[in-house]
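Visitor: Would you mind keeping the following structure in view while I ask a few things?
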Amino acid sequence: MLYKIFHLEVVDLNSAMLITVSALVVGYVWTCFRASRRQKMLELETTPHRVLLITAHPDDECMFFGPVIQKLSKMENVQLYLMCLSVGNFEGKGSLRKDELYQSCKILGIDEGNILLCKNTLLPDNPRVDWDTVLLSDKITEHVEQLEIDTVLTFDSYGVSGHRNHVSIYLAMFHLVYNKLLPNYCRIYSLDSVNILRKYVKCIDQLFNNTSDFKCSISTTEQYNLKKAMQAHCSQYIWFRKLYMKFSRYTRVNTFTNISAE
């Protein structure tokens with residue numbers, strides 16, 4: 001009987017030690033991972049960079065990339081460019097939306113001379129149209145090389161909302177990465193899409209850890225400034241986008257993952 005009690009105590013002790021060691025190992029690995037992700041953001045903050053943000057339509061910069069724009073536009077070592085691949089003429093308001101984009105970027109801190117707005121009939125603003133991968137790749141490569149861009153930010157394979165124009169940009173970027181058509185020094189990051197609950201409930205999203213390569217979050221004051229920038233898109237600022245700007249996690253945080261050919 002005494003042996004059984006002693007044996008059980010030894011087993012319990014071994015189990016407790018195993019659990020403790022496992023917890024310490026997991027904690028150490030997670031700490032290293034978070035430090036590595038933070039280091040990538042610190043590199044953007046402390047080292048000169050030329051960053052190209054690629055979007056599909058006027059207002060994408062506010063609805064999806066506002067946090068990272070506000071951070072990068074304030075960094076002295078960072079030259080931030082915005083490449084918008086259409087004028088947003090789906091409803092025939094292309095000319096108006098062009099003006100709205102420039103006003104929005106002014107509020108966000110992007111220099112007017114750093115805005116590259118494309119108007120190409122082969123790249124229509126249409127949620128049911130896939131843009132040509134080769135055409136996009138050529139256009140992107142041209143600007144990356146001309147501007148000596150070392151960091152590109154854009155959509156991931158779902159494009160946050162599933163919009164086919166957004167997804168087309170990702171496919172073009174993956175094509176460039178897979179075929180090694182970009183300069184070796186150029187790094188490509190895609191904005192993480194998340195499930196609908198995390199997307200629309202900011203407070204819940206904060207409870208989730210992620211495996212992104214870097215994370216960028218903004219203060220309440222900066223979120224208010226982002227709302228002002230979205231309001232500059234008068235033709236688009238209707239009720240459901242007002243709700244989006246109030247509740248979406250993309251108005252508070254951006255997380256990015258490196259696009260790799262592996």
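Visitor: Of a type outside the set (Gly, Ala, Ser), more than 30 Å from residue 95 (Cα to Cα) and in a loop (DSSP other than H, G, I, E, B): is that true of residue 183 in this structure? Show your work before the answer.
Guide: On the way: of a type outside the set (Gly, Ala, Ser): yes; more than 30 Å from residue 95 (Cα to Cα): yes; in a loop (DSSP other than H, G, I, E, B): yes.
Answer is yes for this residue.
Visitor: Just name the residue that is farthest from residue 109 (Cα to Cα) out of those in segment 219-255 that are open to solvent by 20 Å² or more (accessible area, probe 1.4 Å) and not in a helix (DSSP H, G or I).
Guide: Applying the filter and picking the extreme gives 238.
Visitor: In this structure, is residue 17 modelled with pLDDT of 95 or more and either part of a helix (DSSP H, G or I) or within 16 Å of residue 149 (Cα to Cα) (or both)? Can you show your working first?
Guide: Details: modelled with pLDDT of 95 or more: no; either part of a helix (DSSP H, G or I) or within 16 Å of residue 149 (Cα to Cα) (or both): yes.
Taking the combined requirement at face value, the residue does not satisfy it.
Visitor: Within the set of pairs 6+ apart or on separate chains, which have a first residue in segment 95-118 that is over 16 Å from residue 225 (Cα atoms), a second that is of a type in the set (S, T, N, Q), and C-beta atoms under 7 Å apart?
Guide: 96/235; 97/235; 118/86
Visitor: Restricting to segment 202-218, name every residue that is of a type in the set (A, V, I, L, M, F, W, C), assigned to a loop (DSSP other than H, G, I, E, B) and open to solvent by 40 Å² or more (accessible area, probe 1.4 Å).
Guide: First, pick out the residues of segment 202-218 that are of a type in the set (A, V, I, L, M, F, W, C): 203-204, 207-208, 214, 216, 218.
Filter once more, keeping what is assigned to a loop (DSSP other than H, G, I, E, B): 207-208, 218.
If the condition is that a residue be of a type in the set (A, V, I, L, M, F, W, C), assigned to a loop (DSSP other than H, G, I, E, B) and open to solvent by 40 Å² or more (accessible area, probe 1.4 Å), then 207, 208 are the ones that fit.
Visitor: Which one is surrounded by the fewest Cβ atoms within 10 Å (Cβ to Cβ), of the residues in segment 169-185 that are farther than 14 Å from residue 157 by Cα and of a type outside the set (A, V, I, L, M, F, W, C)?
Guide: Only one residue tops the list, namely 184.
Visitor: Could I ask something else about it? Return the total of residues in segment 143-158 being in a loop (DSSP other than H, G, I, E, B) and either free of Cβ contacts under 8 Å to residues at least 12 places away in the same chain or over 21 Å from residue 47 (Cα atoms) (or both).
Guide: 3
Visitor: Within segment 110-135, can you find the residues that are in contact with a strand residue (DSSP E or B) (Cβ under 9 Å, 6 or more places away or on another chain), part of a loop (DSSP other than H, G, I, E, B) and over 18 Å from residue 96 (Cβ atoms)?
Guide: Across segment 110-135, the qualifying residues are 110, 111.
Visitor: Separate question: Tally the residues that are surrounded by 13 or more Cβ atoms within 10 Å (Cβ to Cβ) and part of a helix (DSSP H, G or I), restricting the search to segment 186-201. Spell out how you get there, then give the answer.
Guide: Our first condition is that a residue be surrounded by 13 or more Cβ atoms within 10 Å (Cβ to Cβ); within segment 186-201, this holds for 186-194, 198-201.
Those still in the list that are part of a helix (DSSP H, G or I) too: 198-200.
Here the count works out to 3.
Yes/no per residue for (1) buried (at least 16 other Cβ atoms within 10 Å of the Cβ); (2) farther than 19 Å from residue 259 by Cβ:
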site: 96; (1), (2): yes, yes
site: 104; (1), (2): yes, yes
site: 145; (1), (2): no, no
site: 153; (1), (2): yes, no
site: 159; (1), (2): yes, no
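Visitor: Of the residues 212, 248, 217, 260, only one is touching a residue at least 24 places away in the same chain (Cβ under 8 Å) and touching an Asp or Glu at 6+ places or on another chain (Cβ under 7 Å); which?
Guide: On inspection, the qualifying residue turns out to be 212.
Visitor: Is it the case that segment 110-130 has a residue that's open to solvent by less than 10 Å² (accessible area, probe 1.4 Å) and not aliphatic (A, V, I, L, M)?
Guide: no
Visitor: Being among the hydroxyl-bearing types (Ser, Thr, Tyr), within 17 Å of the chain's Cα centre (by Cα) and more than 20 Å from residue 66 (Cα to Cα) is the filter here; which residues of segment 142-195 pass it?
Guide: Step one: of segment 142-195, the residues among the hydroxyl-bearing types (Ser, Thr, Tyr) are 151, 154, 157-158, 161, 168, 170, 178, 185, 189-190, 193.
Narrowing further to those that are within 17 Å of the chain's Cα centre (by Cα): 151, 154, 157-158, 161, 168, 170, 189-190, 193.
Across segment 142-195, the qualifying residue is only 168.
Visitor: Next question, about the same structure. Every residue in segment 69-83 that is in contact (Cβ under 8 Å) with a residue 60 or more places away in the chain and of a type in the set (Lys, Arg), please.
Guide: 71, the sole residue that qualifies.
Visitor: Also, quick follow-up: Out of 200, 224, I need the residue that is of a type outside the set (Asp, Glu) and out of contact with any helix residue (DSSP H, G or I) (no Cβ under 9 Å at 6 or more places or on another chain). Which one?
Guide: Numbers: 200 fails: out of contact with any helix residue (DSSP H, G or I) (no Cβ under 9 Å at 6 or more places or on another chain).
Of the residues listed, the single one that is of a type outside the set (Asp, Glu) and out of contact with any helix residue (DSSP H, G or I) (no Cβ under 9 Å at 6 or more places or on another chain) is 224.
The values are calculated or read from the model by the stated rules, or taken from the named source; none is laboratory data. The structure displayed is predicted, hence computed values, not measured ones. Neighbour counts are summed over all protein chains in view; Cβ atoms, including those assigned to glycine, are modelled from backbone coordinates with ideal geometry. The protein model used for the area step is the full one, side chains on, heavy atoms only, and it has no ligands, DNA or RNA in it. Shrake-Rupley method; radii C 1.70, N 1.55, O 1.52, S 1.80 Å.
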